[in-house]
Each structure stands twice: as structure tokens, then as C-alpha cells.
Amino acid sequence: MRIFLTALALTLTLAACAQPGSRAQPEAASGRSDARPPAVAERQMVVAAHPLAAQAGREILRAGGSAIDAAIATQLVLGLVEPQSSGIGGGAFLLRYDGASESVTAFDGRETAPMAAGETLFLNADGTPMGFWEAVVGGRSVGVPGTLAMLEKAHERHGKLPWARLFQPAIELARNGFDVTPRLHALIARDRFLKTYGPARDYFYTDAGEPLPVGHLLKNPDYARTLETIAREGAQAFYRGAIARDIVATVREAKGNPGLLSLRDFARYEAKVRPALCRPYRDTTVCGHPPPTSGGATSLQILGILENFDLPSTQPMGVEPVHLLAEASRLAFADRNRFLADSDFVDVPLERLLSDAYLQRRAGLIERDSSLGTAEPGFQRDLASMPDQPGGRSTSHYAIVDADGNAVSATASVEQAFGSRLMVRGFVLNNQLTDFSFVPERDGRPVANRVQPGKRPRSSMAPTIVKDAAGDFRLAVGSPGGSRIIGYTTLRVLAVLDWGLDAQAAVELPNVVNRNGPTTLEAGTSAEALAGPLRARGHTVEIEAMTSGLHAIERRDGRLYGGADPRREGIALGD
Ligand code: GLU
């Protein structure tokens with residue numbers, strides 16, 4: 001711990017940044033005692049879930065790198081120091097704002113299902129769905145990782161520094177070691193499955209089988225070697241060489257729960273570049289990532305419904321706006337669960353779902369003084385809604401702005417903490433395929449998000465970028481949190497745009513989420529006081545720990561303001 005804080009003290013240049021070590025709690029529910037001013041910068045900034053990752057990103061910006069360059073360095077370090085959340089064994093969605101053209105582009109590095117996988121991947125022999133953890137742990141849940149292919153594609157278009165240079169910070173840290181943080185320690189300690197397979201057991205536990213303690217200097221020479229190879233040979237070394245062979249062998253030979261991935265699946269993997277999904281919101285334009293994530297569409301639907309109400313004149317986190325947000329979320333989640341999936345495989349009616357007329361009609365269903373209860377999708381198609389399934393508790397979001405005015409908002413994930421628990425060459429393999437619906441159909445109707453060969457599972461990740469009325473960059477924000485991501489992120493867009501909060505104050509707001517069921521309020525926060533008034537309006541209310549990991553940058557009056565979530569270990573660093 002002492003080493004961790006000392007290292008941190010050296011990295012902090014912004015007086016405004018508090019010491020993350022002091023507030024780092026695993027699955028912490030409350031950041032209320034940690035209120036602090038936003039980090040402020042003039043030219044460039046990185047906000048990421050671990051100080052060493054933010055530091056790597058800033059190092060690259062200082063060396064003249066672009067926001068994409070910094071994203072690559074940040075992500076490679078996150079895969080080392082926050083292996084429970086994201087890495088090259090997982091997937092990611094990245095939005096990029098181009099300072100020159102004022103356009104936003106989406107880079108899709110989502111995992112894909114093996115070509116040998118079909119609708120029954122997560123069904124038992126008798127046709128019933130498998131238990132969630134039975135499916136997660138082992139090879140079955142592993143999709144072809146997309147993070148590296150996505151980063152390389154973005155670098156080909158927008159990189160300024162050489163690819164190999166961006167690997168240096170992560171390689172050095174992997175060789176020299178980094179201190180196990182309180183959060184990493186706690187997640188190892190509470191994990192029931194991380195000892196299932198040898199490589200993860202050997203890496204994350206002492207010889208006596210104890211979880212690595214806080215402050216332990218953890219080295220990862222295997223990861224360093226892997227990165228050296230990819231730095232030299234490019235992402236194809238991951239998708240076509242010995243690394244792919246090792247992943248495929250590990251997945252196919254996973255004891256008790258082998259998977260279907262093949263070398264062919266790796267060779268055919270492609271990161272996709274898609275138009276961002278953008279919609280006006282009051283006098284701004286909000287852009288999200290299109291399918292296969294539901295994050296962008298659902299968040300834009302919520303905002304499009306709320307635009308019909310005068311939120312700017314409401315009290316931040318008052319019962320009135322929280323009720324409206326919960327109701328709009330119910331309506332959007334009803335559509336999400338029916339229609340959202342990989343649009344390269346199923347026809348997702350985005351135009352209709354995001355049209356003004358449709359969203360006005362949906363807004364008309366909301367009563368100010370009573371809840372509409374469980375919402376139904378707004379129209380019919382021959383589809384069944386996806387049943388609720390446990391979601392991820394991991395994932396990581398970073399936001400970056402470079403000196404040329406380009407911005408990145410990216411969310412990356414291995415799905416559950418430590419993904420499938422399989423580890424190869426120093427990195428964790430995802431369990432992202434469990435984001436598919438385990439049941440392919442209900443009552444004879446197909447579920448849009450059923451497993452299909454080569455398809456990408458529906459996500460909730462919601463990297464968001466907002467442009468102001470002039471088209472200039474205004475806000476980059478996103479979060480981990482499974483399907484709660486959508487609520488966490490949308491609330492912060494509202495908080496900055498409608499209530500005028502700065503990025504730090506916005507991320508520190510209590511979390512409030514509705515996914516077309518109970519309204520969930522963050523335990524230990526002022527949101528608990530809303531329980532009574534919401535119940536009086538007919539909401540079923542739950543009070544729970546809600547560990548977001550919101551990271552945001554906003555531009556205001558020409559300066560950059562960073563927001564790092566006190567519920568995790570992140571930090572904002574800028575110049
Ligand atoms: N697998 C989830 C998704 O793609 C993210 C998991 C999480 O946030 O922890 O939506």
C-alpha cells in the first residue's frame with residue numbers, strides 16, 4: 001500500500017486529484033465522503049480506472065501522440081493492472097470525435113461467437129438453459145477477442161506515434177511489476193472460480209493459495225512477451241500466430257467446459273468501423289455506439305423521451321426528475337429487450353426506435369405522479385423479449401482528449417470479473433458469449449440476441465460523446481456495470497447538460513437505475529431518501545450497492561474538466 005501511494009504521489013501533477021488509494025474499495029457503494037473538485041486541464045487529458053493506465057496515456061499525449069495513441073497505451077496498461085476488467089483477451093467499443101471535421105466514428109471490437117456455435121450453445125441436453133456460472137467458467141463462453149484488432153484499426157487511421165511505442169509503458173510495467181491495489185486484491189479474494197485453472201491460480205495467488213495481498217509487487221513477464229511480439233508484428237501476431245493457437249488450445253481443452261473456438265474464427269475476425277448513433281438532445285448532439293451494443297440506442301431513447309419534459313428546471317436528483325428518468329428507462333428497456341442485438345444478423349429497427357414521433361408517443365405514456373409499472377415494447381415484430389440474465393460486474397471505461405481537440409470515449413470488457421477464468425500468455429480470456437440470450441426462442445418466437453455463428457453478443461456498454469450546438473466537443477463519458485451502464489451513463493449526460501454539473505460532481509451523484517423492473521437506488525447515499533416518495537408513486541424500490549466506474553471529460557469555456565468515479569480506483573490526469 002505504501003509503495004502504491006508513493007508511486008501515485010509521483011504521478012499526480014494535478015493538485016485537484018485526490019489520492020485514489022485512500023478511497024479504493026472493492027464494490028464500494030458510496031463515494032459521498034470523497035467529494036472533490038474536478039481535475040482541470042488546458043490542452044489534453046486522460047481519465048482511466050487506474051492511475052498507472054492514466055499515466056501511460058498522458059505519457060503518450062506528452063510525446064505528441066493522438067487520443068487514439070493514448071487509448072492504446074492506456075488499454076494495454078489496464079489489461080495488466082486491472083486484469084479483472086478488460087484486456088487483449090476481451091472486447092471493446094470506442095467512439096472517436098474528430099476535432100477537424102467534428103464527426104464521431106464508432107469502432108466495434110466486440111467479441112464474436114465461433115462459427116461452430118449455434119442456438120443451443122447454452123442449453124442443457126434437455127433444452128433447459130444452463131446455470132449462469134456453469135456457462136461462464138471455462139472455454140464455452142469465450143468469444144474471439146476484439147480489442148487488439150479494434151485498436152489497430154483505429155491506429156491505422158488516426159495514430160501519430162509508431163504502434164510499437166504505444167506498447168512501451170505496459171511492457172515496462174509488466175516486467176518491473178506493479179502494486180496489487182485494494183480493489184484487485186478484494187476481487188481475487190472474493191472470487192469463487194479463479195482457482196479453477198492453473199495459470200490464473202498461479203498468477204493471482206501466493207504459493208500458500210492466499211490471494212495476493214495489497215501492495216504485492218506483481219510482475220507479468222508472460223504479458224510482457226506477448227506485448228513485445230504484438231508490438232513488433234502487429235495484431236496479426238495475435239490473430240494468426242502462436243498466440244491464437246494457444247488461446248484456441250486453452251479454450252478447447254478447458255477441463256469440464258470446453259469451447260468451440262477455432263483458428264479459423266481468429267483468422268476471420270474483423271473489427272468494424274460504423275457510423276456513430278447520434279441524436280439531438282436540446283441544443284446538443286449526443287452520440288452513442290450502435291449495435292451490437294444496446295448502450296447507444298437505449299441511452300438515446302431515454303434522452304429522446306426525457307426531452308419532452310423540462311428537466312433543466314428540476315432540482316438535481318429530486319424526486320421529479322428521478323421518477324421521469326426511471327419511467328423513460330422502463331420504456332427504453334422494454335424496446336431494448338425485444339429488438340436490440342447484432343444488427344449484422346438481425347434487423348434492428350433503429351430509425352423507428354429513435355424517431356421524434358415515436359419517442360414523443362412513448363413520452364406520452366408517462367404520468368407525473370404514478371409509475372406505469374412494467375412497460376411493453378412500443379410495437380410488435382415476430383420476436384420474443386430476452387429474459388433477464390445475470391450481467392457483468394467488471395469492465396472499464398476511459399475518456400481521452402488530445403491537444404488537437406480529438407476525443408476518445410471507450411468501454412472495454414472481459415465481461416465478468418476475470419472473464420472465463422482462463423488465462424493465456426499473461427492475459428485473461430473473456431466470457432462475453434454469456435451476453436447472448438441462453439434461450440433462443442420463447443413461445444415459438446425467436447429472441448433477437450440468440451446465439452448464431454459469427455455473431456456478436458448484445459452489450460450494454462455505452463461510450464458516449466456529446467457535441468455542443470457549434471459541433472465542438474462537449475463531453476465524453478461511460479461506465480462499467482452490466483446493463484446498469486445505460487442508467488449510470490445517461491444520468492451523467494443529463495447532469496452535465498441539464499443541471500450544469502461539472503464532470504466530477506456528475507460522476508459523484510448517487511446512482512439510480514431502472515431496467516423495466518424495480519427502481520434501484522444506491523445504498524448509503526442521499527438517493528435512499530427518494531425511496532418513500534418513489535414508492536408513493538407506485539415504484540417498487542430496491543436499495544443496493546451500485547459500483548459504477550464512470551470516467552468523464554467535459555469541455556467548458558475552453559478548458560477540460562475530468563471526472564473520476566470515487567467508487568473505483570481511477571484518476572484524471574492532464575496538462
Ligand atoms: N458484458 C457486459 C456488456 O457488454 C459488460 C459487463 C460489465 O459492465 O461489467 O454489456
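Scan segment 417-427 residue by residue and report those that are open to solvent by 10 Å² or more (accessible area, probe 1.4 Å) and either near the ligand (Cβ under 10 Å from one of its atoms) or of a type in the set (A, V, I, L, M, F, W, C) (or both).
Ala417, Met423
Scan segment 78-95 and tell me whether some residue there is closer than 25 Å to Arg274 by Cα, more than 18 Å from the chain's Cα centre (by Cα), surrounded by 24 or more Cβ atoms within 10 Å (Cβ to Cβ) and not hydrophobic (A, V, I, L, M, F, W, C).
Within segment 78-95, not a single residue is closer than 25 Å to Arg274 by Cα, more than 18 Å from the chain's Cα centre (by Cα), surrounded by 24 or more Cβ atoms within 10 Å (Cβ to Cβ) and not hydrophobic (A, V, I, L, M, F, W, C).
Check segment 278-286 and report whether any residue there is aromatic (Phe, Trp, Tyr), touching a Pro at 6+ places or on another chain (Cβ under 7 Å) and farther than 19 Å from Asp108 by Cβ.
no
Quick one: what pairs do we get from segment 465-493, first residue of a type in the set (Asp, Glu), second open to solvent by 20 Å² or more (accessible area, probe 1.4 Å) and assigned to a strand (DSSP E or B), C-beta under 8 Å, 6+ apart or different chains?
If the second residue must be open to solvent by 20 Å² or more (accessible area, probe 1.4 Å) and assigned to a strand (DSSP E or B), the pairs left are Asp468/Arg474; Asp472/Arg555.
Just the residues that are away from the ligand (no atom under 16 Å from the Cβ) and either out of contact with any helix residue (DSSP H, G or I) (no Cβ under 6 Å at 6 or more places or on another chain) or of a type in the set (A, V, I, L, M, F, W, C) (or both), please, taken from segment 285-301. Can you show your working first?
If we filter segment 285-301 for residues that are away from the ligand (no atom under 16 Å from the Cβ), which is where we start, we get 285-287, 300-301.
Correct list: Thr285, Val286, Cys287, Leu300.
Tally time: how many residues in segment 102-138 are under 15 Å from Cys287 (Cα atoms) and not aliphatic (A, V, I, L, M)?
Looking only at segment 102-138, we keep the residues that are under 15 Å from Cys287 (Cα atoms), and these are 102-108.
Next, from what is left, pick out any that are not aliphatic (A, V, I, L, M): 102-103, 105, 107-108.
Summing the residues that are under 15 Å from Cys287 (Cα atoms) and not aliphatic (A, V, I, L, M) in segment 102-138 gives 5.
Yes or no: segment 466-482 includes at least one residue that is under 15 Å from the mean Cα position of the chain (by Cα), within 16 Å of the ligand (Cβ to nearest atom) and surrounded by fewer than 24 Cβ atoms within 10 Å (Cβ to Cβ). Please lay out each step first, then the result.
Narrowing segment 466-482 to residues under 15 Å from the mean Cα position of the chain (by Cα): 476-482.
Subset that is within 16 Å of the ligand (Cβ to nearest atom): 477-482.
Then keep just the ones that are surrounded by fewer than 24 Cβ atoms within 10 Å (Cβ to Cβ); that gives 482.
So far as segment 466-482 goes, yes, one or more of its residues are under 15 Å from the mean Cα position of the chain (by Cα), within 16 Å of the ligand (Cβ to nearest atom) and surrounded by fewer than 24 Cβ atoms within 10 Å (Cβ to Cβ).
Which residues, taken from segment 188-203, are hydrophobic (A, V, I, L, M, F, W, C), touching a Leu at 6+ places or on another chain (Cβ under 9 Å) and under 19 Å from Gly139 (Cα atoms)?
Within segment 188-203, Leu194, Ala200 meet the criteria.
For segment 548-563, which positions are open to solvent by less than 20 Å² (accessible area, probe 1.4 Å) and either without any contact (Cβ under 8 Å) to a residue 24 or more places away in the chain or of a type outside the set (Gly, Ala, Ser) (or both)?
Leu550, His551, Ile553, Glu554, Leu560
Please give the helices (runs of 4 or more DSSP H) falling wholly within segment 317-393 in which 2 or more residues are within 16 Å of the ligand (Cβ to nearest atom).
Working: elements: 319-339, 350-353, 356-363.
Ranges flagged: 319-339.
So which residues in segment 246-275 are hydroxyl-bearing (Ser, Thr, Tyr) and either assigned to a helix (DSSP H, G or I) or in contact with a strand residue (DSSP E or B) (Cβ under 7 Å, 6 or more places away or on another chain) (or both)? First the steps, then the outcome.
Just the residues of segment 246-275 that are hydroxyl-bearing (Ser, Thr, Tyr), to begin with: 250, 262, 269.
Across segment 246-275, the qualifying residues are Thr250, Tyr269.
Within segment 431-461, track down each residue that is of a type in the set (Lys, Arg), part of a loop (DSSP other than H, G, I, E, B) and either free of Cβ contacts under 8 Å to residues at least 60 places away in the same chain or within 13 Å of the ligand (Cβ to nearest atom) (or both). It would help to see each step written out before you state the result.
Step one: list which residues in segment 431-461 are of a type in the set (Lys, Arg), which gives 442, 445, 450, 455-456, 458.
Applying the additional criterion that residues be part of a loop (DSSP other than H, G, I, E, B) yields 455-456, 458.
Within segment 431-461, Arg456, Arg458 qualify.
Just to be sure I understand, how many residues within segment 340-395 are of a type in the set (Asp, Glu) and either closer than 16 Å to Asn516 by Cα or touching a helix residue (DSSP H, G or I) at 6+ places or on another chain (Cβ under 8 Å) (or both)? Walk me through it before giving the result.
First, pick out the residues of segment 340-395 that are of a type in the set (Asp, Glu): 342, 344, 347, 351, 356, 367, 369, 376, 382, 388.
Filter once more, keeping what is either closer than 16 Å to Asn516 by Cα or touching a helix residue (DSSP H, G or I) at 6+ places or on another chain (Cβ under 8 Å) (or both): 356, 367, 376, 388.
So the answer is 4.
Tell me the residue from Glu542, Glu528 that is surrounded by fewer than 24 Cβ atoms within 10 Å (Cβ to Cβ) and assigned to a strand (DSSP E or B), please. Don't jump to the end; show me each part of the working.
Working: Glu528 fails: assigned to a strand (DSSP E or B).
Answer to the selection: Glu542.
Cβ-Cβ below 8 Å, separation at least six or inter-chain, first residue in segment 511-522 and closer than 8 Å to Met546 by Cβ, second open to solvent by 10 Å² or more (accessible area, probe 1.4 Å) and basic (Lys, Arg): which pairs?
Close Cβ pairs satisfying both conditions: Asn511/Arg484; Val513/Arg484; Thr520/Arg484.
Scan segment 394-411 residue by residue and report those that are open to solvent by less than 10 Å² (accessible area, probe 1.4 Å), more than 10 Å from the ligand (Cβ to nearest atom) and polar (S, T, N, Q).
Ser409, the sole residue that qualifies.
Within segment 204-221, is there a residue that is in a helix (DSSP H, G or I) and either touching a Leu at 6+ places or on another chain (Cβ under 8 Å) or farther than 30 Å from Ala341 by Cα (or both)? If you could, list the steps in order and put the result at the bottom.
From segment 204-221, those in a helix (DSSP H, G or I) are 204, 221; that's our starting set.
Keeping just the survivors that are either touching a Leu at 6+ places or on another chain (Cβ under 8 Å) or farther than 30 Å from Ala341 by Cα (or both) gives 204, 221.
Yes, that holds for at least one residue.
Return the pair list, or none, for Cβ contacts closer than 7 Å from residues in segment 349-365 that are closer than 18 Å to Glu327 by Cβ to residues that are open to solvent by 70 Å² or more (accessible area, probe 1.4 Å), at least 6 apart or on different chains.
Hits for this filter: Tyr358/Arg352; Gln360/Asn308; Ala363/Asn308.
Go through segment 318-343 and give me each residue that's under 24 Å from the mean Cα position of the chain (by Cα), open to solvent by 10 Å² or more (accessible area, probe 1.4 Å) and more than 16 Å from Thr374 (Cα to Cα).
Of everything in segment 318-343, just one residue is under 24 Å from the mean Cα position of the chain (by Cα), open to solvent by 10 Å² or more (accessible area, probe 1.4 Å) and more than 16 Å from Thr374 (Cα to Cα), namely Ser343.
The values are calculated or read from the model by the stated rules, or taken from the named source; none is laboratory data. What you are looking at is a predicted structure, and each value in this text was computed from that prediction instead of being measured. Neighbour counts run over all protein chains shown; Cβ positions are idealised from the backbone, glycine included. Protein only, heavy atoms only, side chains kept; ligands, DNA and RNA dropped before computing areas. Shrake-Rupley method; radii C 1.70, N 1.55, O 1.52, S 1.80 Å.
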